[in-house]
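Here the structure is laid out as structure tokens; the discussion comes afterwards.
The values are calculated or read from the model by the stated rules, or taken from the named source; none is laboratory data. Note that the coordinates shown come from a computational prediction; the quantities given were computed from them, not determined experimentally. Don't worry about glycine lacking a Cβ; one is built from the backbone with ideal geometry, like all the others, and counts go over all protein chains shown. Surface areas here come from the heavy atoms of the whole protein model, side chains and all, with no ligands, DNA or RNA. Shrake-Rupley method; radii C 1.70, N 1.55, O 1.52, S 1.80 Å.
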Amino acid sequence: MKKTLQNMKVTNKTVIVRVDYNVPILNGKILDDSKIIETLETINYLISENCKIILLSHLGKIKTEADKLKYSLEPVAKHLKDLVNSEVYFTKDIMSPDLKKRVSELKPQEILMLENTRFADLPKPLESTCDAQLSLFWSSLADVFVNDAFASAHRAHASNYGIAKYIPSCIGFLMQKELFSLNKLVINPEHPFVVVMGGAKMDDKIELMENLIKKCDYLLCAGGIANTCLKALDFGVGQSIVSKDFRIIDKLKKMMLENKEKFVLPLDAIVGSTYDENYVKYKRIDTIDDNDLIQDIGVKTLEKYQKVISSAKTIFLNGTLGMYENPKFANGTKEFFNMLSKTDAIVVVGGGDTSSAVKNLGYQNQFTYVSSGGGATLDYLGKEKLIALDVIEEGETIETLDL
């Protein structure tokens with residue numbers, strides 16, 4: 001485990017914290033503040049240690065000047081002020097001598113949130129390329145750096161990787177909880193261990209599948225993952241979403257042949273059509289027509305998957321079972337989530353789209369652990385490392401942590 005906040009001397013120091021406040025905002029109103037809530041343990045600890053606190057975060061993607069109007073962190077600073085018992089200030093400045101003066105004027109226990117770090121990507125990409133000058137400047141503002149932005153830790157940016165190269169650094173409580181939970185529950189799971197892979201994209205998950213197939217007892221497939229598996233086995237999938245990369249298809253075919261007893265594929269599906277948006281039909285997998293679009297799993301598949309998860313001790317869920325956003329094709333995902341909520345197994349949810357689906361369908365409190373990371377979660381499970389943490393020194397191993 002990387003060096004943790006509780007093992008770093010921070011009392012009375014100026015601390016710069018990288019958080020992930022990439023939250024949905026509409027007309028200045030935050031629609032989901034869970035990412036902010038999750039960082040309060042770290043922030044409140046630093047307040048209790050009489051620290052001056054500087055917060056860094058990105059929000060959205062900044063490619064034009066117009067994007068800056070949409071993705072300011074000012075509403076987040078105002079919201080944070082309602083959540084902590086300290087003064088919270090906001091500055092649009094992210095890199096100037098005046099900012100250093102502003103930081104020096106902070107009083108202990110006060111918080112200064114800087115504007116969106118990705119504003120530094122215009123006109124030149126300084127944040128996302130981990131520009132050395134920007135990294136040095138931000139590191140010069142504080143005595144200690146705390147990385148508590150798990151969801152961004154798979155990227156080497158100036159605000160997470162760069163700063164940590166120049167001042168004493170550690171990980172915050174949210175980062176600790178994420179790493180501990182994924183290590184304990186997924187990387188070293190209790191068996192039988194069942195992995196559920198769904199969603200539309202196959203190409204960016206092949207490395208994760210290669211790693212998890214070695215650990216799991218069963219791999220249940222749905223969505224674009226299942227479609228690509230079926231295509232690799234020469235089943236017709238019509239116009240359904242599949243990988244078009246023949247190297248990935250060949251790699252997947254080899255993986256299935258070497259792990260026949262582990263792969264569990266759909267028996268039936270609910271399909272739409274390329275020529276009629278109102279077309280909805282139940283079909284067996286071996287009867288898919290050329291114009292069909294597989295959009296959801298069918299009842300026989302649900303029954304088949306139910307038998308597998310009923311004996312599981314640990315279940316890792318990544319991806320939905322169909323196009324749940326459309327009510328016509330939401331039943332498979334809803335029914336499967338309901339099955340998972342009734343199992344006695346440890347259920348871990350990973351991946352941004354999956355976590356959103358779990359929340360949207362009302363299951364966020366029904367599962368053992370819902371990771372705050374999207375790509376970072378998948379990257380960590382695939383590689384068992386995160387690049388932004390490479391520059392933080394190792395610390396004491398945490399044996400227990402409340403989940």
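Please count how many residues of region 282-303 are without any contact (Cβ under 8 Å) to a residue 24 or more places away in the chain, open to solvent by 80 Å² or more (accessible area, probe 1.4 Å) and over 28 Å from residue 355 (Cα atoms). Final tally of qualifying residues: 1.
Within region 165-179, one or more residues are farther than 30 Å from residue 347 by Cα and out of contact with any strand residue (DSSP E or B) (no Cβ under 6 Å at 6 or more places or on another chain). Under 7 Å by Cβ, and 6 or more places apart or on different chains, what pairs join a residue from region 351-365 that is over 22 Å from residue 380 (Cα atoms) and in contact (Cβ under 8 Å) with a residue 12 or more places away in the chain with one that is among the hydroxyl-bearing types (Ser, Thr, Tyr) and surrounded by fewer than 17 Cβ atoms within 10 Å (Cβ to Cβ)? Short answer, once both residue conditions are applied: 363/341. Pairs linking a residue in region 124-145 that is without any contact (Cβ under 8 Å) to a residue 60 or more places away in the chain to a residue that is of a type in the set (Asp, Glu) and open to solvent by less than 10 Å² (accessible area, probe 1.4 Å), with Cβ atoms under 7 Å and 6 or more positions apart or on different chains, are 134/127.
Residue 40 passes every criterion in (1) within 22 Å of the chain's Cα centre (by Cα); (2) open to solvent by less than 20 Å² (accessible area, probe 1.4 Å) apart from (2).
Name the pairs whose Cβ atoms lie under 9 Å apart, with the first residue in region 78-95 and under 19 Å from residue 138 (Cα atoms) and part of a loop (DSSP other than H, G, I, E, B), the second among the polar types (S, T, N, Q) and open to solvent by less than 60 Å² (accessible area, probe 1.4 Å), and 6 or more positions between them or separate chains? Matching pairs, first to second residue: 92/72; 94/116; 94/117. When residue 161 is tested against (1) part of a helix (DSSP H, G or I); (2) modelled with pLDDT under 95; (3) touching a helix residue (DSSP H, G or I) at 6+ places or on another chain (Cβ under 6 Å); (4) open to solvent by 10 Å² or more (accessible area, probe 1.4 Å), just one condition goes unmet, and that condition is (2). Filtering region 304-362 to residues that are of a type in the set (Ser, Thr, Tyr), closer than 22 Å to residue 209 by Cα, outside any strand (DSSP E or B) and open to solvent by less than 60 Å² (accessible area, probe 1.4 Å) leaves 305, 320, 333, 354, 355, 356. Residue 228 satisfies every condition listed in (1) surrounded by fewer than 23 Cβ atoms within 10 Å (Cβ to Cβ); (2) more than 20 Å from the chain's Cα centre (by Cα); (3) closer than 30 Å to residue 272 by Cβ except (1). Name the single residue that is most open to solvent (accessible area, probe 1.4 Å) among those in region 68-101 being at pLDDT below 95 and either among the aromatic types (Phe, Trp, Tyr) or under 25 Å from the mean Cα position of the chain (by Cα) (or both). By that ranking, first place goes to 70.
Close Cβ contacts (under 6 Å, 6 or more residues apart or on different chains) running from residues in region 97-117 that are touching a residue at least 40 places away in the same chain (Cβ under 8 Å) to residues that are open to solvent by 100 Å² or more (accessible area, probe 1.4 Å) comprise 115/92. Within this structure, residue 129 passes the test of being surrounded by fewer than 17 Cβ atoms within 10 Å (Cβ to Cβ) and either touching a helix residue (DSSP H, G or I) at 6+ places or on another chain (Cβ under 7 Å) or more than 22 Å from residue 13 (Cβ to Cβ) (or both). Residues in region 251-265 that are touching a helix residue (DSSP H, G or I) at 6+ places or on another chain (Cβ under 8 Å) and either open to solvent by 20 Å² or more (accessible area, probe 1.4 Å) or closer than 16 Å to residue 289 by Cβ (or both): 251, 253, 259, 262, 263, 265. Select, from 330, 312, the only residue that is at pLDDT below 95 and aliphatic (A, V, I, L, M). One residue alone meets the criteria, 330. Quick check on residue 13: is it crowded, with 16+ Cβ neighbours inside 10 Å and among the basic types (Lys, Arg)? Against the criterion (crowded, with 16+ Cβ neighbours inside 10 Å and among the basic types (Lys, Arg)), residue 13 qualifies. When region 19-39 is filtered for residues that are hydrophobic (A, V, I, L, M, F, W, C), over 22 Å from residue 103 (Cβ atoms) and either in contact (Cβ under 8 Å) with a residue 24 or more places away in the chain or assigned to a loop (DSSP other than H, G, I, E, B) (or both), the ones remaining, listed by number, are 23, 25, 30, 31, 37. For residues in region 109-126 being open to solvent by 20 Å² or more (accessible area, probe 1.4 Å) and outside any helix (DSSP H, G or I), which is nearest to residue 98 (Cα to Cα)? Per the stated criteria, the residue is 110. Need pairs with beta-carbon distance below 6 Å; first residue open to solvent by 10 Å² or more (accessible area, probe 1.4 Å) and within region 169-197, second small (Gly, Ala, Ser); sequence gap 6+ or separate chains. Final answer for the pair search is 192/311; 192/312.
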